[in-house]
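Asker: So that we are looking at the same thing, I have put the structure below in structure tokens.
Every number in this text was worked out from the coordinates using simple rules, so none of it is lab data. This structure is a prediction, so every number in the text was calculated from the model and none was measured. Here Cβ is always computed from backbone atoms with ideal geometry, including for glycine, and neighbour counts include all displayed protein chains.
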Amino acid sequence: MCATTFVSEERYGVVWMCFGEPAHALDFFPEAAIPGGRRINLAPQTVRSSAPRVVENFLDMAHFSFVHVGILGEHAHAEVPDYEVVQIPDGGLEARQCRYWQPAGMPGQGGGAMIDYVYRVKPPLIACLTKMASGGQGALHIMLAASPVTQTETRAWLVSIHEDDTTHDDQALYDFNMEILMQDTPIVESQWPKCLPLDLDVELHQKCDRMSVAYRRWLAGMGFGWGTVAGARR
Ligand SMILES: [Fe+2]
């Protein structure tokens with residue numbers, strides 16, 4: 001009889017489990033420790049698509065003005081200003097100097113404003129972002145953990161840290177984040193194939209997809225297969 005051991009640890013309000021010894025520390029969301037940050041954990045949501053599709057959607061700005069109209073974007077402000085993507089020293093990718101005009105992109109935002117974003121993905125199925133209104137009200141940090149159930153079904157865990165927000169109760173912050181996640185879910189579920197193609201010739205990419213392209217290359221480079229077209233063939 002073979003005994004399987006696992007390690008479990010609570011971090012960021014989520015219980016993480018690893019069969020065997022963890023290869024990495026649970027240190028990918030340091031923003032959770034920022035003093036004055038209020039943590040909101042959404043109830044996990046089932047998304048009928050692959051985990052890499054869920055992550056890629058989280059890293060994408062180009063859909064804001066079409067999927068999150070009136071919150072994260074508007075048709076009249078659909079342009080994604082150019083940004084840069086860099087490899088971070090201990091593995092992973094970061095998109096920097098991202099900006100997007102949003103009518104109500106932060107809880108309690110008083111009118112449309114340009115919002116600054118930084119995105120990070122590390123490890124492959126966990127992505128984080130920091131967003132802040134240009135000129136400075138408290139930042140919003142979000143971590144998305146895409147937990148695979150099958151190659152084409154994912155449980156999305158979303159944790160947000162709201163800095164210096166004393167005007168909204170927890171339910172209002174929860175509802176703000178959940179509304180956006182609920183708008184994303186049918187869009188991700190409609191993408192085909194559900195497993196992410198890592199061959200860049202399969203889908204059309206534009207300049208605003210710089211992070212998506214880098215993400216697909218990064219997965220391919222490390223031979224990551226789960227939830228990808230290549231992985232589904234194995
Ligand atoms: Fe979205």
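Asker: Using the Karplus curve 6.51 cos²θ - 1.76 cosθ + 1.60 with θ = phi - 60°, work out ³J(HN,Hα) for each residue of segment 45-58 in order, rounded to whole Hz, and write x for Gly and Pro.
Answerer: 10, 7, 10, 7, 7, 6, 4, x, 5, 5, 5, 4, 4, 4
Asker: Output wanted: per-residue J couplings in Hz (rounded whole) for segment 27-43, from phi through Karplus 6.51 cos²θ - 1.76 cosθ + 1.60, θ = phi - 60°, x for Gly and Pro.
Answerer: Running phi through 6.51 cos²θ - 1.76 cosθ + 1.60 with θ = phi - 60° gives 10, 8, 9, x, 4, 5, 9, 5, x, x, x, 9, 9, 10, 9, 6, 4 Hz.
Asker: On to the next question. Express the relative contact order of the chain as a whole percentage, based on alpha carbon pairs under 8 Å and six or more residues apart in sequence.
Answerer: 23 percent
Asker: When a footprinting reagent is the concern and you count Cβ atoms within 10 Å, what order do M143, M182 take, fewest first?
Answerer: M182, M143
Asker: Around R38, which amide H atoms from residues at least 5 apart in sequence, or from another chain, sit under 5 Å from its own amide H, with H modelled in the peptide plane?
Answerer: H162, E163, D164, D165
Asker: Now a separate question. Considering Cα pairs under 8 angstrom that are at least six residues apart, work out the relative contact order of segment 119-215 and quote it in whole percent.
Answerer: Taking the mean separation of contacting Cα pairs over the length of segment 119-215, I get 15 percent.
Asker: Test of understanding: what is the full-extension gain from R48 to R96, defined as 0.36 nm times their sequence separation minus their Cα-Cα distance?
Answerer: 14.3 nm
Asker: Same structure, new question: Would you mind counting up the charge near P123? Only other residues with Cβ under 12 Å from its Cβ, with Lys and Arg at +1 and Asp and Glu at -1.
Answerer: Here the count lands on 0.
Asker: Roughly how many Å is it from the Cα centre of segment 159-234 to that of segment 5-69, as a whole number?
Answerer: About 11 Å separates the Cα centre of segment 159-234 from the one of segment 5-69.
Asker: Relative contact order, percent, of segment 171-234 when contacts are C-alpha pairs under 8 Å separated by at least 6 residues?
Answerer: Over segment 171-234, the number comes to 35 percent.
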